[in-house]
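Values in this text are rule-based calculations from the coordinates and carry no lab data. In this text, all values refer to a predicted model and were calculated from it rather than measured experimentally. FYI the Cβ positions are ideal-geometry reconstructions off the backbone, even for glycines, and counts take in every protein chain you see.
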């Protein structure tokens, strides 16, 4: 992705590389936050992950609801 954006100048490749980098950064930050929470809270840190998963599920459900049409 990054190589295509730099060497071939393919349209959209830079946006794909940025999105991929953002996902990798999110995983890195999540791992670091999980390590810090586990060190501070022990096994209770799993509740923080559970809350984040519930929030993500709620956002998904709200986004997938059928849209109401205006009359």
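Over the chain, what is the relative contact order in percent, taking alpha-carbon pairs closer than 8 angstrom and at least six residues apart?
On the way: 21 pairs, mean separation 10.0, N = 71.
With pairs under 8 Å counted, the relative contact order is 14 percent.
Quickly estimate the mean residue ellipticity at 222 nm for the chain, helices only: each DSSP H run with n ≥ 4 gives -39500 (n - 2.57), and the total goes over all residues, rounded to 500.
Values: 2 runs with 48 residues, N = 71.
So the calculated ellipticity at 222 nm is -24000 deg cm²/dmol.
Sort 60-66, 48-54 for me by packing, meaning the mean count of neighbouring Cβ atoms within 10 Å per residue, highest on top.
48-54, 60-66
Nearest 0.05, what FRET efficiency do residue 8 and residue 28 give at R0 = 22 Å with Cβ-Cβ as r? Before the final figure, lay out each step's value.
On the way: r = 27 Å, r/R0 = 1.24.
Plugging the Cβ-Cβ distance into 1/(1 + (r/R0)^6) gives 0.20.
Quick one: what Rg and Dmax do you get for the chain from the alpha carbons, in Å?
18.7, 55
Build a GNM of the chain with springs between Cα atoms under 10 Å: which of 55, 32, 46 gets the top mean-square fluctuation?
Comparing 55, 32, 46 in the GNM, the peak value goes to 55.
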